[in-house]
Structure formats: structure tokens, C-alpha cells
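A short write-up of the structure that comes next.
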Amino acid sequence: MENVLESIGVTKNYAGKAAVDNVSLKLETGLVYAMLGPNGSGKTTWMKMVAGLVKPGKGEILYKGKAIGKESKKEIAYMSTEPYFYSWMTVADVGRYYQDFFEDFSMEKYHQMLKRMELTEELKTKKLSTGMMAKLKIAVTMARNAKLYLLDEPLNGIDLLARDEIMKSILEVIDPDVTLVISSHLVDELERVADAAIFMKEGKMVRQCMVEELRSSEKKSVVDLYREIYGHGGEELC
Ligand SMILES: Nc1ncnc2c1ncn2[C@@H]1O[C@H](COP(=O)(O)OP(=O)(O)OP(=O)(O)O)[C@@H](O)[C@H]1O
């Protein structure tokens, strides 16, 4: 399989402290990656560097063999944890706003995602509940026809019953040549959909593995490995 992305010795310091510390990893085209780790382990900072929003202090990131830049941004869709819509916008305005920004945005896909998420176009973003806002962010991000999606904590604020449905709708709209990285502390939920897992700890990438291989050769689940790596009774799992 071809590698879509390569992170080579990537480091980012904030005030002398490493948020991301010498991270080297490769992402294969077509796989779903779960990026796991407790708060502050560097997941967001690494994703922002791949999205081209933050520059690494050291190391380099190659997307399809070339440095991150204008070209890679056209094919990489990043969904941040921060809210980023103007309060006056309706759900329809959000779609138009994205359409203006991204050439690969598909209004048809957006409408399809909205339907799945049970959101209507006339809703005002300032009136949305946390869960509805989370769904809107997913809908508008997945409506791009990107090649690499980075979803930072997409299930945050979404209730237990809706999570499976939402994961399904994310996976349904992607093609086989598309790669997905989903960060979450909801390990259990990601285990069901991920092909591979990346474990981050204190800015370092401490383990990368294929989920099936972990099950067959080490007889472990991702949850087992998570407990082993982070070493506490699973408070990150709820
Ligand atoms: N802009 C910034 N300025 C200063 N410190 C930062 C900044 N962004 C991140 N950090 C620090 O870098 C470390 C890694 O943060 P990061 O948000 O990447 O982790 P994370 O794994 O995504 O955590 P979370 O799940 O809480 O979002 C943390 O200690 C954080 O406080």
C-alpha cells in the first residue's frame, strides 16, 4: 500500500515545552486511523501541523511525497475542536461559506449529510445544542471531497445512541482511496471502525499498530492496549 502521509521527526514546542515530540509515522492510503491519547498528549497539535495551520519546529511532514503547503491543503480536510462559525449563520450559510472556501466542497454531499444528521438548513448556528453543532461540523467537513480527513474529537458532545449512527455516516461518504484520522478518547467507539491505532503520550508517538494484527498476534483489543499504555483504570474510556 502507498503512504499518503509521512511525519518525520516532527517536533513542536510551546514555551520551551514539547507539545509534539519527535513524531515519526506513516499513514497508508485508504485506512481509518484512531489517534488516541489523553488530554494534552499532542493529537491536536500534530493534526494542525498536517493541516498546515501550525508549522513544525523540527522535522517535516510529507503529503504524497511533498512538503505540506498550498497543494496539500486542497486535499486535506481538518475538523477542529474549536467552534468556527459566525453566530449569525444558518446551517445553509455554513454550506455556502464552505463552498466559497473549498473547491472540493459538494453541496449535494452536504445536503445528504445534513439529512443523516437530522439538521435543517434554516437552523441558526447560535441556537444549536452542543450535539447539533458537533454534527454540523462533521457534515460540513465530510462534504468536502478530500483525500485525507483529520477529525479532532468528532464524537464530543454527541450522545451515546447517536455516535454509532454518526460514525456510520462518516464512513459511508468516503471512497476507498481516502484516509481518515480520528482523534478521540472514546477508545471503545473508535475500536469498532479503525483499521489502525496511533497512541500518543506526552507529545510522543508511543505505538502504532494495525487493529487486526493486535487482536490476532497479541490477543489484545485497542482498549486493552490503551489501558496498558496509559496505565490507569480506564477513566479515559467513558
Ligand atoms: N497554542 C498553544 N500554546 C501553548 N501551548 C499549547 C498550544 N497548543 C497546545 N499547547 C500545549 O501542548 C500540549 C499538547 O496539546 P494538544 O492540544 O496538542 O493535545 P491533545 O492530545 O490534542 O489534547 P486534547 O485532547 O486536550 O485536545 C498541551 O500541553 C497543551 O497545553
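Bear in mind that the values in this text are calculations on the coordinates, not laboratory data. Everything numeric in this text was worked out from a predicted model, so none of it was measured. Cβ coordinates were reconstructed from backbone atoms using ideal geometry, including for glycine residues, and neighbour counts include every protein chain displayed.
Once the Cβ-Cβ distance between Lys73 and Ile229 is put in as r, and R0 is 35 Å, what FRET efficiency do you end up with, to the nearest 0.05?
Values: r = 32 Å, r/R0 = 0.92.
According to the calculation, E is roughly 0.65.
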Output for region 82-165: GluC sites (Glu not before Pro) sitting in coil per DSSP, at most 11 other Cβ within 10 Å, listed by number, reads Glu103, Glu118, Glu122
Per the 1/(1 + (r/R0)^6) rule, R0 = 35 Å and r from the Cβ atoms of Thr130 and Ser217, FRET efficiency to 0.05 is 0.30
Once phi for every residue in region 108-113 is put through the Karplus expression 6.51 cos²θ - 1.76 cosθ + 1.60 (θ = phi - 60°), the whole-Hz ³J(HN,Hα) values, with Gly and Pro written as x, are 5, 5, 4, 4, 4, 5
Output row, site Arg207, 7 Å Cα→C-beta label point, backbone N cut-off 18 Å, window region 13-57, residues 24-26, 33-39, 41-43
Calc'd 3J(HN,Hα), region 63-77, phi into Karplus 6.51 cos²θ - 1.76 cosθ + 1.60 (θ = phi - 60°), Hz, glycine/Pro = x, comes to 9, 6, x, 10, 4, 4, x, 4, 5, 5, 4, 5, 10, 10, 10
Taking every DSSP bridge whose two residues both lie in region 3-231, the antiparallel percent to the nearest 5 is 55
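Would you work out if region 3-231 is rounded, prolate or oblate? Take a ≥ b ≥ c from the square roots of the eigenvalues of the alpha-carbon gyration tensor; rounded if a/c is under 1.5, else prolate when a/b is larger than b/c, oblate otherwise.
Details: a/c = 1.67, a/b = 1.35, b/c = 1.23.
Note, shape of region 3-231 comes out prolate.
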Length-normalised contact order of the chain, Cα under 8 Å, at least 6 apart, in percent, tallies to 26
Straight-line reach check, Lys43, cutoff 19 Å on alpha carbons, 8 or more apart in-chain or any other chain, hits among lysines -> Lys12, Lys17, Lys26, Lys55, Lys58, Lys73, Lys137, Lys201, Lys204
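Mind ordering 193-202, 29-38 by average Cβ neighbours within 10 Å, highest first? Walk me through the intermediate numbers first.
Values: 193-202: 19.9, 29-38: 21.7.
Top of the packing list down: 29-38, 193-202.
Is the shape of region 161-200 rounded, prolate or oblate, going by the alpha carbon gyration tensor and its root eigenvalues a ≥ b ≥ c, with a/c under 1.5 for rounded and a/b larger than b/c for prolate?
Working: a/c = 2.32, a/b = 1.09, b/c = 2.12.
Judged from the Cα gyration tensor, region 161-200 comes out oblate (a/c at least 1.5, b/c at or above a/b).
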Here, Lys26 and Leu160, labelled 7 Å along Cα→Cβ, have an inter-label distance in nm of 4.1
